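Data block below; observations after.
Read-outs throughout are calculated quantities, based only on the coordinates presented, and are distinct from any laboratory measurement. The structure displayed is predicted, hence computed values, not measured ones. Don't worry about glycine lacking a Cβ; one is built from the backbone with ideal geometry, like all the others, and counts go over all protein chains shown.
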Amino acid sequence: MPLTHKQILDAVLELMTELSGDWEYSGAITAETRLLGDLAMDSLDLVILGGELQERYGQLPFSEFLAELGKQEAEARDVTIGELVDLISRQQRATAPGGVA
Amino acid sequence: MPKATLPSGLTLHYQRAGRGPDLVMIHGLTGNLAVWHLKIVPMLADHFRILTYDLRGHGYSDMPPDGYTATDMAADLEGLLDHLGVERANLVGHSYGADIALYYAFRNPGRVLQVGAIEAALPALIHLRTREDWVGWTYWVQVLERSGVTVPPEHRCDLEYMVRQSMSIPKKWGPLKGLPRNPEKFLRVLDSTPLTRDYEVVGDLPLENIPRIEAPVHLIYAEGSAFLGSHDYLLEHLPNARSVMLPSSEWGHFGPLEQPEVVVDHLIESLASPTAAGARA
């Protein structure tokens, strides 16, 4: 049975808080926290995050996710933790028995 | 994030992905392991068990006060592979990473399956690049000036100056393309270590040792690259090398970022068969 959106969000927030020590970010991390605007994540941080998430949730379309991010206008480019959780949640539903990939 | 502390005390950040024969990917100066992961690792993950790592002073690896020569970096790689229990591997490096792969192959002939050397430069061939008329300086100045950075004539052949100025131009590739760089960490390595001086130290691999590298080497360069002088020398003097030419591209030197799909096709073709490098192109 796929994890609920809430379960994934809680786990991702815990992971992000754990990793934020390396990213020198000390603010509160919520679903609205932005990866670029708030956490100032670099490509390397995004790659590390992608690796950690795929270790926990299996194969994700993370490169496609990064490619789509790169297509946004530079001034407005960003993604929230909530949107990242949406991606994981969609993938979990798609790969669950009876899911539609 | 996964880190390995080596017997030397140095801690290196690494990532692993995929299944198959071992493949180690080594980034170049000013880079980090993300160079490989944005496009190339996902495309190679069905073919190889891939290990990427941040060189000392880069990414999330330690930044000790010294030890940045290619000889030192090859010893770091040896320590990392010992730590992870990787006995034999294919090595693919870009730029300084390709130099490090060749240094490692020289020191560890029994532990290298094949080498993919993308735009290797080699400290022993520094004379090809320090001359004022080296085309690489002109390319580099043009890139900076297109981004609005003026390079005074006295600094047009000044490696450290050019690297520092390059940190001020927006990112060119990846999900942060067009956004400003965050150069703080890289400027710290320039300010607090001998990186740019060590980059030129010949150490283990003077010209006379190049013919002693036994591993098959695929020399992967872009048409029109400023580093073709190194390509030509290595093709002539390595005992088991073949040439792989990528199409000409805007920057030429940055194949893994500029044309990752083409690089991947060549790596799969070159490294999949153990005998592929047996004959010269």
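Here the protein assembly as shown is assigned +1 on the Cβ of each Lys and Arg and -1 on the Cβ of each Asp and Glu. Its dipole about the Cα centre then comes out at about 600 debye.
Averaged over the residues of B:166-177, the number of partner chain Cβ atoms lying within 10 Å of the residue Cβ comes to 4. Summing -39500 (n - 2.57) over the DSSP H runs of n ≥ 4 in chain A and dividing by its residue number, what mean residue ellipticity at 222 nm do you reach, to the nearest 500 deg cm²/dmol? Estimated from H runs of four or more residues: -17500 deg cm²/dmol. Across chain B, the relative contact order, built from alpha-carbon pairs under 8 Å that are at least six residues apart, equals 19 percent. For segment B:13-72, a crude dipole built from +1 on the beta carbon of Lys and Arg and -1 on the beta carbon of Asp and Glu, taken about the Cα centre, is about 280 debye to the nearest 20.
Our estimate of slack between A:ALA28 and A:ALA96, defined as 0.36 nm per intervening residue step minus the Cα-Cα distance, is 21.3 nm. Modelled label positions at B:ASP191 and B:THR130, each set 7 Å beyond Cα in the direction of Cβ, lie 2.8 nm from each other. Report the one residue of B:PHE227, B:HIS253, B:ASN240 whose Cα lies farthest in the direction of the positive end of the charge dipole of segment B:205-263 (charges on C-beta: Lys and Arg +1, Asp and Glu -1; origin at the Cα centre). Comparing the listed Cα positions along the dipole, B:ASN240 ranks first. Protection proxy ranking of A:62-69, B:109-116, by the mean of other Cβ atoms within 10 Å over each peptide's residues and highest first, is B:109-116, A:62-69.
Since only B:LEU38, B:THR196, B:GLY97 are under comparison, the one whose Cα sits farthest along the positive direction of the charge dipole of the protein assembly as shown, derived from C-beta charges on Lys, Arg, Asp and Glu, is B:LEU38. Which shape class, rounded, prolate or oblate, goes with segment B:23-176 when its Cα gyration tensor gives a ≥ b ≥ c as root eigenvalues, a/c under 1.5 marks rounded, and past that a/b bigger than b/c marks prolate? Note, shape of segment B:23-176 comes out prolate.
Counting Cβ atoms of other protein chains within 10 Å of each Cβ in B:33-45 and taking the mean gives 4. In terms of the mean number of neighbouring beta-carbon atoms within 10 Å, the peptides B:34-44, B:183-193 order highest first as B:34-44, B:183-193. Placing +1 on the Cβ of every Lys and Arg and -1 on the Cβ of every Asp and Glu, with no other charges, gives segment A:5-95 a dipole of roughly 420 debye about its Cα centre. For segment A:5-95, the relative contact order is 43 percent, taking Cα pairs closer than 8 Å that sit 6 or more residues apart in sequence and dividing their mean separation by the residue count. If you take the alpha carbon atoms of the protein assembly as shown and fit the smallest convex hull around them, that volume is 145 Å³ per residue.
Of all lysines in the structure, those lying under 16 Å Cα to Cα from B:LYS185, and not within fewer than 8 positions of it along the same chain, are B:LYS171. Among rounded, prolate and oblate, which fits chain B when a ≥ b ≥ c are the square roots of the eigenvalues of its C-alpha gyration tensor, a/c under 1.5 means rounded, and a/b larger than b/c means prolate? Because its axes are fairly even, with a/c under 1.5, chain B counts as rounded. Backbone amide hydrogens, once placed in the peptide plane, bring B:GLN114 within less than 5 Å of B:ASN90, B:LEU91, excluding anything fewer than 5 places away on its chain. For chain A, modelled as a GNM whose springs connect Cα atoms under 10 angstrom apart, the maximal fluctuation among A:ASP38, A:ASP86, A:ASP22 occurs at A:ASP22. Our summary gives segment B:31-185 a relative contact order of 13 percent, counting only alpha carbon pairs under 8 angstrom and 6 or more residues apart. Evaluated over the Cα positions of segment B:130-266, the convex hull gives a direction-averaged projected area, one quarter of its surface, of 9.8 nm². Selection among A:ALA94, A:VAL47, A:LEU60 by position relative to the dipole of segment A:5-95 gives A:ALA94 as farthest towards the positive end (Cβ unit charges, Cα centre). Counting, for every residue in A:37-50, the Cβ atoms of other protein chains within 10 Å of its Cβ and taking the mean gives 6.
For segment A:5-95, the normalised intensity computed at q = 0.23, 0.25 Å⁻¹ comes to -1.34, -1.58 (log10 of I(q)/I(0), Debye sum over alpha carbons, equal scatterers, no solvent).
Cα axis of helix A:81-95 to longest principal axis of chain A: angle in degrees, 0 to 90, nearest 10? Taking Cα atoms only, the helix is inclined about 20 degrees.
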